[in-house]
Amino acid sequence: MTFAQLGTGVSKGIAIGPVHILYHDSLEIPEYALPEKFIPDEQTRYTAAIILARKQLHDILKQIPANTPPDIAEFIDTHLLMLNDSTLAKVPLQIIAKQQCNAEWALKLQRDALVRVFDEMEDPYLRTRKDDVDHVVNTIQRILLNSPMHHGANPEQEQPHSGHILVTDDLSPADTVLMQHQGIAAFITESGGPTSHTAILARSLGIPAIIGLHRARERLRDDETIILDGQQGWILANPDDRSLQFYHQKRRQEHLRYLDSIKNKDQPAVTLDGHTIKLMANIELTSDIHAVHEIGAQGIGLYRTEFLFMNRTSPPGEEEQFKTYKGVIDKLDGKLLTIRTIDLGADKQVDRNRHQSSSATTNPALGLRAIRLCLKEPALFLPQICAILRASAYGPVRILLPMLSNINELKLILELIKDVKTKLSAQGIPYDNDIAIGGMIEVPAAAITARMFLEYLDFLSIGTNDLIQYTLAIDRIDEEVNYLYDPLNPAVLHLIALSIEAGKLWDKPVGLCGEMAADPRFTRILLGLGLTEFSMHASNLPAIKQVINNSTLSSLTTLTNEIMQTTNYEEFLTCLNHFQYT
């Protein structure tokens, strides 16, 4: 029987192929007390499991082809770092001794404590880091329990064949890299988040993927054919011949459009009435730069630096960051690089107890993150600024400050940057003294007062992912309320319009780097609002360029003015429908 199911699309592309269901054993963690004389032996058993887990990950690294970009392997290195960290390598040993319990139970107690900390974090990226904890903990537990992963009832089908669509509960970064090199067409997981390492890897590796497709393994069967749309986040199981024919054709058309976009990559995005639009790329890994060149992006509108800081025993120093940023600049061949400073909530290097309210009702979504954290912990922020400034001597660079909400915090940040410049000058270290400094518009307060922010800033970048969530008071990864996530809500559009109008007033650029920029459904209304700079994952750029090249800005502006002035919601919806035909 044909049926459709919806999850969260995290990596675009259409895949058609047979299902391969990957099962993991359900781990039953035993709990039992140990006589004191057996404690040293139990600690030795746990340490041996840690050593073996490290060896398994090193073995996976050896299987990765030599031509794989180095930062892909770094996701596996992250798990190795976790295995070396005292939170997993030493604390369970202390629990074994203190509670006189078996190693499996000690590790479970430590895992639960770590996950509770991650669950409290306000930043979506940090919250999904508990997935990495589970991946590493499960590896150790399977060794302790001597319970290897299995892949279904038939041992001959343990590994998916090339062209299969993998369906499982979750994938670790190591699994994802290996599956890609085994030629899987796409994958589906029943859990995970859009900012998980697995989702990030899927985008970087170009694997169509859906996460959060609940009970997928119950509803699907091995070897049945399905259609998967990684952008829209749905599957169609047991499709009829007509559907298969349609989506095979659609996939061919997408491939031809991609080839055409590469062929015409140097042609600008220009509306039918002659207005040029700048198209930039967002990157998360240095391996994404290849796609930036291949697709013809004009530069990097957003370089997320959080991944340099995650899951390590200490934050990266100035020198490590400088080498990373300079490496990106060298690969860009003169194209603009916009580096967003660290955008995290509190991580394990920060004493969270110092920043938590005693109130049980404190809302973690409104807590210490991004610029607030950097002001609280300048030792985290200043080495990054110093590294960015030093790197700016080697190519065009902009600094982008995330999560601004008031002018006073911006002035404090600018003073810190000025101090770093003074110290570099005193040391004779070259940097771009005129480096542009911009701010993210992610908070409604910042959008409403964008004119004030631009007195101090050189440019703005609208981060619609957070702006929509804060405006509508919903978490888009919370399944209970994410149906309310609406980029075309009138309030959201008015906040975007205010930010763009502020840029026009000051004659300073305003771009948009959130997911709205990558969705062709929103391109025309953003053009009508006056947006002239879009930044998105490189793979989305050809579709956006095609919409721009087939749009007439003058008519879009007229229609947008109409929609922004209406006070009737039904008229608002009617005007929205006209955008697809303009």
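The values are calculated or read from the model by the stated rules, or taken from the named source; none is laboratory data. On a predicted model such as this, the values are computed, not experimentally measured, just so you know. No Cβ is skipped: glycine too gets one built from the backbone with ideal geometry, and neighbour counts run over all protein chains shown.
Candidates E409, E442, E415: the one that is of a type in the set (D, E) and surrounded by 19 or more Cβ atoms within 10 Å (Cβ to Cβ) is E442. Working only within region 297-330, note down all residues that are within 30 Å of N264 (Cβ to Cβ) and either surrounded by fewer than 17 Cβ atoms within 10 Å (Cβ to Cβ) or among the small types (G, A, S) (or both). Across region 297-330, the qualifying residues are A297, G299, G301, G327, D330.
Every condition in (1) assigned to a helix (DSSP H, G or I); (2) touching a helix residue (DSSP H, G or I) at 6+ places or on another chain (Cβ under 9 Å) holds for M403 except the one numbered (1). Inclusion of A387 among residues that are free of Cβ contacts under 8 Å to residues at least 12 places away in the same chain, over 22 Å from the mean Cα position of the chain (by Cα), under 22 Å from S314 (Cα atoms) and assigned to a helix (DSSP H, G or I) is not warranted. Name the residue that is farthest from the chain's Cα centre (by Cα), counting only residues in region 182-241 that are among the polar types (S, T, N, Q) and surrounded by fewer than 23 Cβ atoms within 10 Å (Cβ to Cβ). Filtering region 182-241 for residues that are among the polar types (S, T, N, Q) and surrounded by fewer than 23 Cβ atoms within 10 Å (Cβ to Cβ), the one farthest from the chain's Cα centre (by Cα) comes out as N238. Looking at region 509-519, can you tell me whether even one residue there is surrounded by fewer than 23 Cβ atoms within 10 Å (Cβ to Cβ), modelled with pLDDT of 95 or more, in the same structural domain as M452 (by TED's automatic domain parsing) and over 20 Å from A291 (Cβ atoms)? Looking through region 509-519, at least one residue is surrounded by fewer than 23 Cβ atoms within 10 Å (Cβ to Cβ), modelled with pLDDT of 95 or more, in the same structural domain as M452 (by TED's automatic domain parsing) and over 20 Å from A291 (Cβ atoms). Scanning region 358-374 turns up no residue that is under 30 Å from D266 (Cα atoms) and at pLDDT 80 or above. Restricting the first member to region 555-573 and to residues that are among the polar types (S, T, N, Q), and the second to residues that are in a helix (DSSP H, G or I), the beta-carbon pairs closer than 7 Å and six or more apart or on different chains are T557/G528; T560/I525; T560/G528; T566/F572; T566/C575. Modelled with pLDDT under 80, assigned to a loop (DSSP other than H, G, I, E, B) and not assigned by TED's automatic domain parsing to the domain that holds T139: does that describe G183? No. Taking region 222-322 as the region of interest, the strands (runs of 3 or more DSSP E) fully inside it that hold 3 or more residues being farther than 30 Å from G528 by Cβ are 225-229, 234-237.
Checked against the criterion of being within 29 Å of the chain's Cα centre (by Cα), assigned by TED's automatic domain parsing to the domain that holds P396 and at pLDDT below 95, the candidates T464, T449 yield just one match: T464. A single member of I474, I548 is crowded, with 18+ Cβ neighbours inside 10 Å and not small (G, A, S), and it is I548. Residues that are in a helix (DSSP H, G or I) and of a type in the set (G, A, S) within region 406-430 comprise S425, A426, listed in sequence order.
Against the numbered list (1) crowded, with 17+ Cβ neighbours inside 10 Å; (2) at pLDDT below 90, N67 comes up short only at (1).
The single residue among A517, A497 that is small (G, A, S), within 30 Å of M452 (Cα to Cα) and touching a Ser or Thr at 6+ places or on another chain (Cβ under 7 Å) turns out to be A517. A residue that is touching a helix residue (DSSP H, G or I) at 6+ places or on another chain (Cβ under 8 Å), modelled with pLDDT of 80 or more and within 25 Å of I16 (Cβ to Cβ) occurs nowhere in region 151-163.
Taking the conditions exactly as written (under 23 Å from E533 (Cβ atoms) and either in the same structural domain as N282 (by TED's automatic domain parsing) or of a type outside the set (S, T, Y) (or both)), does P444 satisfy them or not? Judged against the criteria, P444 is a match. Considering region 529-545, the residues that are buried (at least 21 other Cβ atoms within 10 Å of the Cβ) and at pLDDT 95 or above include one that is farthest from T271 (Cα to Cα), namely S535. For region 323-345, taking the residues that are among the charged types (D, E, K, R) and assigned to a helix (DSSP H, G or I), the one that is farthest from D131 (Cα to Cα) is identified as D330. Consider region 275-291 and keep the residues that are crowded, with 24+ Cβ neighbours inside 10 Å and among the aliphatic types (A, V, I, L, M). The one that is nearest to G327 (Cα to Cα) is I289. For first residues located in region 411-438 and outside the structural domain of L337 (by TED's automatic domain parsing), partners that are at pLDDT 95 or above and lie 6+ apart or on another chain with Cβ distances below 8 Å do not occur.
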